[in-house]
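Asks: This is the structure I want to talk about, given as structure tokens.
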Amino acid sequence: MHRLLSSLFLHADALHLYKCVFSLSRLAPPAAAVYGGSQCVLLFLLSGVCGNLAALHLGGPISAEGPAMG
């Protein structure tokens, strides 16, 4: 279980980290306005774990891209 969660916060390099931070900075404020901050965090974690479970099921690598795909 820890691999499914810890992979949400690990990034391959600085460019990958920049893209993730940029995406969250653009998408999180409108989502937080609609759903609230705590529900956005829950949505981020849940979609990341579900994305990583899907990647494991399909034979792909688990990564920090799961929440973005949620």
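Asks: In the chain, which helices (runs of 4 or more DSSP H) lie fully inside it and hold 1 or more residues that are modelled with pLDDT under 75 and not charged (D, E, K, R)?
Replies: Output list reads 2-6, 66-69.
Asks: Would you point out the residue of the range 1-34, among those that are under 16 Å from residue 49 (Cβ atoms) and of a type in the set (A, V, I, L, M), that is surrounded by the most Cβ atoms within 10 Å (Cβ to Cβ)?
Replies: 8
The values are calculated or read from the model by the stated rules, or taken from the named source; none is laboratory data. The shown structure was predicted, so the numbers you read here are calculated from the model rather than taken from an experiment. Positions of Cβ are backbone-derived with ideal geometry, glycine not excepted, and every protein chain shown enters the neighbour counts.
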